[in-house]
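Enquirer: Could you have a look at this structure, given as structure tokens, before my questions?
Taken together, the values in this text are just the output of simple stated rules run on the coordinates, not laboratory data. These figures come from a predicted structure and were not determined experimentally. Reconstructed Cβ throughout: ideal geometry from the backbone, glycine too, with neighbour counts over all protein chains shown.
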Amino acid sequence: MSLFVRRNVTAGAPAALLTLALLTAGCTGEGGNPSTPKAGSATPTAPHGHVEGAREAAEEQSRLLLNDPTTGDTRVLDLTTGKAHETSPRAGAVELTTDGRFGYFRTADGIRVLDGGTWTVDHGDHVHYYRAGIRDVGRLPADKGAHVRGDTAVTAVTGEDGRAVTYRRTAFEKHRVGPARPLPGKHAGAVVPYAEHLLTLTDDGTGTPEVTVLARDGARAASTDATCEDPKGDAVTRRGVVLGCADGALLISEEDGHFTAERIPYAGDVPADERAVSFRHRAGSDTLTAHAGDRAVWVLDVTERTWTRVETGPVVAANTAGEGSPLLVLETDGALHGYDVATGEETARTERLLTGEHRAGAGGGGPVVENDRSRAYVNAPKDRRVYEIDYNDGLRVARTFDLDMEPRLMVETGR
């Protein structure tokens, strides 16, 4: 295994690759067990794509996980059938995140895990889509500031104190939590599962956090002098993992067991209150969005390694599907606005979708914009409603879902 650092100094300049401190090689998959049965094994062969207890579908099966932290009311809105399913209450949630299948409700008493029952398995040259029942998984011990990140094999929980543990995804799939495996050391920000490893910023308290690659069992796999000052925000894209740093972003990518770190700096000085600190994007997209203060949005094109600042009205939430799609910005006027990223021009807007006042940059338990390949979803908590928007048709409201609860927290699963 190798880990390099690539530094982009100016746009269009050739990137320099520097070989840095390298450690072990030859890491196996999760648990170190080969996945191919030995010759002569009597293990029965299941049809390709078969998953016990699930039904395979011909297209993506999206669902919205919805929660009202005050009452605990929780619903799963099936976007294929249009039906909302009631689940057990989860009161006091301050954040709701997802890994594409499981929803993680962060509360003062730990993290409640819900199986949304739809997910996608991407084999690169083809994709499988699955539907199954909605099931409660259990509670993960964690403090109120914990970060949760997961992939198809492992879920990592990083506490406010910098300590982290991992859980096997196979236990979640059987609707139980399973044992936690502690990771050594302290971490600055979330530990992120990626490319059969764990990416982390190690922090010994004496300097700027340094990028480290761990094996799934926590053993150090590679060490580097690539650093990220004041890390805030992270996102997994097809190009790699993006980490938000004081001077822009750091992209960690992997190819054939070799990890590289590449800086994507801002074009100039950016005030601390206008830097990107939390990213949103469509799952599978390489275009990220982030608030740039209260009246602008950053768009990070990971493929092109470029930042674009789009001036908007006061921003409540923003997102984009990438690949030439408009930047979608929910503003304090209650309307969803579409912007051309290249020109910065507003191209479309909806009528007012939200009633009441919504503060710019509010974040937390408020309206968000979720994107999939053809639609966007906006939650209107005070109106007890979710809007489905066709962003390829002038922001047309395609469907309106009326609910019996306030959807103050929302994420999309099935991707």
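Enquirer: Could you list F259, F279 so that the one with the fewest beta carbons within 10 Å of its beta carbon is first and the one with the most is last?
Expert: Numbers: F259 26, F279 22.
Ranking F259, F279 by Cβ neighbours within 10 Å, fewest first, gives F279, F259.
Enquirer: Using the Cα centre of the chain as the reference point, and only Cβ charges (+1 on K/R, -1 on D/E), how large is the resulting charge dipole? Debye, rounded to the nearest 20.
Expert: Numbers: 47 positive and 61 negative charges, 227 e Å.
It comes to approximately 1100 debye.
Enquirer: For segment 129-146, what does the Karplus curve 6.51 cos²θ - 1.76 cosθ + 1.60, with θ = phi - 60°, yield as ³J(HN,Hα) per residue in whole Hz, taken in order and with x for Gly and Pro?
Expert: Once rounded to whole Hz, the list reads 10, 10, 10, 8, x, 8, 9, 7, 9, x, 10, 9, x, 6, 7, 5, x, 5.
Enquirer: Using amide H atoms built 1.01 Å from N in the peptide plane, name the residues 5+ places from A398, or on other chains, whose amide H lies under 5 Å from its own.
Expert: E388, I389, D390
Enquirer: Once every DSSP H run of n ≥ 4 in the chain is given -39500 (n - 2.57) and the sum is divided by its residues, what mean residue ellipticity at 222 nm do you get, rounded to the nearest 500 deg cm²/dmol?
Expert: Calculated from helices alone, the mean residue ellipticity at 222 nm is 0 deg cm²/dmol.
Enquirer: Taking the Cα centre of each part, how many Å lie between segment 364-415 and segment 99-134?
Expert: The two parts, judged by their Cα centres, are 18 Å apart.
Enquirer: For segment 392-405, what does the Karplus curve 6.51 cos²θ - 1.76 cosθ + 1.60, with θ = phi - 60°, yield as ³J(HN,Hα) per residue in whole Hz, taken in order and with x for Gly and Pro?
Expert: These are the phi-based 3J(HN,Hα) values: 8, 10, x, 6, 5, 6, 7, 8, 10, 9, 8, 10, 9, 8 Hz.
Enquirer: While we're looking at this one, here's another question. In the chain, once you exclude exposed GluC sites (Glu not before Pro) (DSSP loop, at most 13 other Cβ within 10 angstrom), what's the longest stretch remaining? Intermediate values should be presented prior to the final figure.
Expert: On the way: sites that count: E52, E59, E160, E229, E304, E323, E345, E351, E357.
The reported range is 60-159.
Enquirer: Run through every distinct alpha carbon pair of segment 269-415 and return the Kirkwood hydrodynamic radius in angstroms, one decimal place.
Expert: Working: mean 1/r = 0.0661 Å⁻¹.
Answer for segment 269-415: a Kirkwood hydrodynamic radius of 15.1 Å.
Enquirer: Could you tell me the calculated FRET efficiency between V121 and A219, based on Cβ-Cβ distance and R0 = 41 angstrom, to the nearest 0.05?
Expert: 0.90
Enquirer: Follow-up question, since we're still on this one. Which of G356, A296, G313 sits closest to the plus end of the dipole of segment 269-415, meaning its Cα is farthest towards the positive end, when Lys and Arg get +1 and Asp and Glu get -1 on the C-beta?
Expert: The Cα lying farthest towards the positive end belongs to G356.
Enquirer: Moving on. Compute the projected area of the convex hull of the Cα atoms of the chain, averaged over all viewing directions, and report it in nm² to one decimal place.
Expert: 20.4 nm²
Enquirer: So, with +1 on the Cβ of K and R and -1 on the Cβ of D and E, and no other charges, what is the size of the charge dipole of segment 244-353 about its Cα centre, to the nearest 20 debye? Intermediate results must be reported in sequence, preceding the final value.
Expert: Numbers: 9 positive and 20 negative charges, 56 e Å.
Taking the Cα centre of segment 244-353 as origin, the dipole is about 260 debye.
Enquirer: Apply the Karplus curve 6.51 cos²θ - 1.76 cosθ + 1.60, θ = phi - 60°, to the phi angles in segment 294-302 and return the couplings in whole Hz, x for Gly and Pro.
Expert: With the stated coefficients, segment 294-302 comes to 8, 10, 7, 10, 7, 10, 9, 8, 5 Hz.
Enquirer: Which of the lysines could a cross-linker span from K186 if the Cα-Cα distance has to be under 23 Å and same-chain partners fewer than 8 positions apart are dropped?
Expert: Hits, sequence-local ones excluded: K144, K232.
Enquirer: Okay, moving on. Return V51, V310 ranked ascending by Cβ neighbour count within 10 Å, so the fewest neighbours appear first.
Expert: V51, V310
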